[in-house]
Structure formats: C-alpha cells, structure tokens
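What follows is a set of notes on a single structure, which appears directly below.
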There are 2 protein chains.
Amino acid sequence: MSAAIRSPQPSPPLTRSVEDYLKSVFHLTSQGGFATTSDIAEMLEVAPPSVSGMMKRLSETGLIEHVPYRGVQLTPQGRRAALQMIRRHRILESYLTSKLGFDWGDVHVEAERLEHAVSEKLIERMADALGEPRYDPHGAPIPTAAGEIEEAELVSLAAAEVGHTVVLQEVSDEHPARLRYLAEQGLRPGVQLTVIDRQPFNGPTTARLGDGTTRVVGQELALLLLCRPADGE
Amino acid sequence: MSAAIRSPQPSPPLTRSVEDYLKSVFHLTSQGGFATTSDIAEMLEVAPPSVSGMMKRLSETGLIEHVPYRGVQLTPQGRRAALQMIRRHRILESYLTSKLGFDWGDVHVEAERLEHAVSEKLIERMADALGEPRYDPHGAPIPTAAGEIEEAELVSLAAAEVGHTVVLQEVSDEHPARLRYLAEQGLRPGVQLTVIDRQPFNGPTTARLGDGTTRVVGQELALLLLCRPADGE
DNA sequence: ACAGGGCATTAGGTTAGCCTAATTATCAGA
DNA sequence: TCTGATAATTAGGCTAACCTAATGCCCTGT
C-alpha cells in the first residue's frame, strides 16, 4: 500500500466548531499579529487546552499557521474559509433585519446558529434579494462572494479627538441590550458626530449629533462606536 | 443527598440527532403501530445498534415508549417535539420556495439542515410572511404552532381504483430528480386525475389529467402520489 | 543571570454518537 | 414443538470536542 498523493483531496466539510475557531482567529488578527490561545479561549468561552488541541488540528489541515507559545495566524486557505463564514453571518443579519423584521439586537444570535447550516446557494439568493448589500445592519462590511472585504481605518469614538467631526460607521458589539440602548440614543451607523468634550481618566465623551442634540457616552460604550472622519475633515 | 424532585426540569435543548430520530419515529408510526429498530436505522442511514442505543436514551428522557424487541412509539411529549420539527421543516420548505425561488426538488435538503438551527421566532416570522400556509410545496399539511396536524385519509395512485377520479394531494418524496420529473409531467398537488387503466402484477397506472392528456406512471412513482377522492365521488 | 509569574501545552478523563462483532429474543413453518 | 431465520440487543471500540490538573516555556525585573 503506497502513500496516496494528497494534493487535490476533496477536503471534508468544516465542522461547526472549526468554523467558529476560524472566525475568532480572523477577528483577533484583523489588526495584524497573532491570535493568542487565551484570547481565542475567551472569545469562544472554552478552556485554553481546548484551543491548543484545535490549533494543532487546524494547522495539520493547513488552515492556520501555529507558532508554539506565540499564537496563530490564518493561512490564505483559512482566511478564505473565515471570510466565507463572515459573509454568511452578515448576509443573514441583513436578511433577517430587512426581510423578516428582526431587530438590531437579536439578529446576531440567530445568525450565529444559522451560518453553520445555510448553503452557499441560499446565501447568494438572500444577497440577491437584498440587492447585494455592502454593509450589515451594524455597519460592518460584507465580504464579497469572491472573498474580498473592505478594510477601513476606523477609530473608536473613545479615541476621536475633541473638536473633530466623524461618521459612525460600525457598532462593534453583539450584546443585544447594549445595541438596543445605542439604537434608542440614535447612535446607528451613518450618524454624524462632533466630539465636543471628553473627561480625563477614561471618562465619558460628549458628542453633538446632526440635529444639535448631545449624547454623553461612557468609555465602555464609546469603544464600541467605530468611526471614520467626516467628509471634508 | 436526597433525590431531587424531577418534575419541572428545564429539559435541555434536543440535539440535532435526537430531533432526527423523533421525526423518523413520527413518520414511521403515522399509520399507527410501532416503529421498528431496523426501519429507523434505514431511514436515518445508521446501523441498528445506534438506534437501540438512542432509543434507550430517548425512553429515559420520556420522549418515546420502548417495548423491547417490538419497537417504539412517541409519548405525547415526543410527539409534540416531532411535530415542532415537522412544522419547522415544512415552513422552511414553503418559505424557500415562495420567497427565495428554490425549486421543488431542492428545498428538502436545505430545510433538513436549517430545521435544527432556526429559532421558534424565526419560523413564526416566516409563517407570518407567508400568510400562515397550511400545506408545504409538496402538499403536505403543516402542523400549527400549537402542534395540531391535519390527518387525511390518502391513498396512493398505485392503489386508486380504475375508473375513479382523485385529486393529487401530496407528493411524498424527497428525491430531487424524481420530484423534478413529476413536476415536468404536471403531477403536482391539486391536479385532478382519472384512473383509466392499470396493468396487472404491479404494472403502471394510466391516468387522464384535467386537460385530457394522459400519463403512464410506473408503480414505484405511483406509490409516491398520495390522493384523496375528488369532490363528489 | 536567574527566579517567578503567567501563559501554553501535555496528560488524562468524559460524553455523545457512531461503528462492527457477538449474543439473544421472537416467530413462522415443518 | 422444535428449529432456523430474522431482527434486536449487548459488548466493546473509535473520534471529535470538551474538561481539569500537571507540567513546561518565556520573559521581565531585580
């Protein structure tokens, strides 16, 4: 029995859990660098040894590059798989929100379960029904079917300079209650904000909205509000 | 340590595989009687010992009644769970067909995966968007959210008497190619058929459609065409 | 230069769900 | 009634993912 040539093996479908690990690594390495075992463990709510074990398997299948004691990064193949999951997730969130009346806060959990069960075909039908949206309901960019994603330089409201005007681009949180609160405050993607004050020592930021009203946002929430400079700044 | 009272335990969510077993048992006992180990094994494409093992666990959790060496039946609780899955499945099939352009043959596989991942809320939103449909695209009745299902006395075309007129009510098959073929032949739920001939020895049935054209249907396919007597028969 | 703290990994165990092989129950027909 | 064929069950294993406890590596601060 000679060893088979193993190049174009039809790679078995990824399990639910593998898909989740890849997504975590993608998010944790989006600023460059390595994803650490403990960060992944925290994000997925599993114990660190579970991560070590999975990382070993994933590097054997070529989806990640593992540098022992340092962390992991996605290979091109792993990145492709992660982006596909992120596309599924964001298309689902968009579809549930705009076609089935789900609210901003609830879609995440639903999409999290569905993204492992939908076929490519269903996602493309949904994308089509929505008119190929480029952003999900939280303002996050949706990767294309070909696996490209827009990379924007965003800065959180907590770090925006006083006096500057920014546009809220993306609300990076999956916590329903916080999202609902932010929505009530009118803090949704697309809103223009002028930073008019910030208390020292990680204190709250005060910003003026387009309609002249102001909002005082504590640091924890302000960190979730990702902004780009307003046009002409 | 005294034994805890075990009445209103918050019953853990059913696993994917448990849901599949319950559905099988439901379908296999729809004519009354017991579902046998080997029938379940065949339907789910697992080995018989896997079924024995699962039946043991399911009867411990009170979802089925197991009579050793005879078979199983659903308890009221198991029936409720099975009907919920069937509702999910059929609503999904209806939604995918009518809102996302899936075709008759393909929906089954997609729904089979999704039914384990959708929330109750999503199913009800879909049902609502469809106007609370009572039948799925194959003509099968959809259980209500309360868990009631229409039970009709149907007879397959292969067993309908020569000379009688029937209405095709439901096409009971999940095989895409067969469904596509039947659809091409115009054999969809709602069509009226008059049986004009049947060859002996399990031979084909010949039936006339409403438009006067005839179809010759081999026994294997005719068994899949479930009919009710036409009004006024 | 090295001691400790903190993180990562290895060791070893659990559970669900599947498998094959061996065993046992049931029932129909001689 | 007995005997086989058929079907169900038990026995014993495997794998994927998880866990806790024990061990090992790395780096910073004295």
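Data overview
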read-out: Region A:155-229: relative contact order in percent, alpha carbon pairs under 8 Å with at least 6 residues between; value: 44
read-out: DSSP loop trypsin sites (Lys or Arg not before Pro) with at most 14 other Cβ within 10 Å: longest gap in chain A; value: A:135-233
read-out: From phi via Karplus (6.51, -1.76, 1.60), per-residue ³J(HN,Hα) for region B:181-187 in Hz, x at Gly/Pro; value: 4, 4, 5, 4, 7, x, 8
read-out: Chain B - percent of accessible surface contributed by carbon and sulfur, probe 1.4 Å; value: 51
read-out: Relative contact order (%) - chain B, alpha-carbon pairs under 8 angstrom, separation at least six; value: 15
read-out: Of A:L96, A:N202, A:H66, farthest towards positive along the dipole that unit charges on Lys, Arg, Asp, Glu beta carbons give chain A; value: A:H66
read-out: Whole-Hz ³J(HN,Hα) from phi, Karplus 6.51 cos²θ - 1.76 cosθ + 1.60, for region A:34-41, glycine and proline x; value: 9, 8, 8, 3, 6, 5, 5, 4
read-out: Counted charge near B:V171, where neighbours are those whose Cβ lies closer than 14 Å (Asp, Glu -1; Lys, Arg +1); value: -2
read-out: Distance in nm between pseudo-label sites at B:Q185 and B:T206 (7 Å out along the Cβ direction from Cα); value: 1.4
read-out: Summed residue charge, Cβ within 11 Å of B:H116's Cβ, Lys/Arg positive, Asp/Glu negative; value: +2
read-out: Accessible surface buried once A binds B (1.4 Å probe; total of both sides; Å²); value: 1500
read-out: Å² per residue, accessible surface of chain B at 1.4 Å; value: 54
read-out: Over region A:16-74, relative contact order from alpha-carbon pairs under 8 Å, at least 6 apart, %; value: 37
read-out: Dipole axis of chain B (+1 Lys, Arg; -1 Asp, Glu on Cβ), positive-most option in B:L223, B:V166, B:V25; value: B:V25
read-out: Overall form of region A:1-125 per C-alpha gyration tensor (a/c, 1.5; a/b vs b/c); value: oblate
read-out: Placed amide H near A:R198: partners under 5 Å, 5+ positions off or other chain; value: A:T206
read-out: Over region A:155-229: Kirkwood hydrodynamic radius from C-alpha pairwise inverse distances, Å; value: 11.9
read-out: Cα pair distances exceeding 30 angstrom across chain A, given as percent; value: 34
read-out: Shielded residues, region B:104-119 - accessible-area loss of 40 Å² or more between chain alone and all protein chains, probe 1.4 Å; value: B:E110, B:R113, B:L114, B:A117
read-out: Extension reserve of the A:S17-A:E60 stretch, reckoned as 0.36 nm per residue once the Cα distance is removed; value: 13.9 nm
read-out: Note, ³J(HN,Hα) from phi for region A:158-168, Karplus 6.51, -1.76, 1.60, rounded to Hz, x at Gly and Pro; value: 5, 10, 6, 6, 4, x, 7, 10, 10, 10, 5
read-out: Region B:91-136 and region A:103-173: distance between their alpha carbon centers, rounded to Å; value: 25
read-out: Rounded to 5, percent antiparallel among DSSP beta bridges of chain A; value: 100
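The values are calculated or read from the model by the stated rules, or taken from the named source; none is laboratory data. In this text, all values refer to a predicted model and were calculated from it rather than measured experimentally. Don't worry about glycine lacking a Cβ; one is built from the backbone with ideal geometry, like all the others, and counts go over all protein chains shown. Side chains included, ligands, DNA and RNA excluded: accessible areas come from the protein's heavy atoms. Shrake-Rupley method; radii C 1.70, N 1.55, O 1.52, S 1.80 Å.
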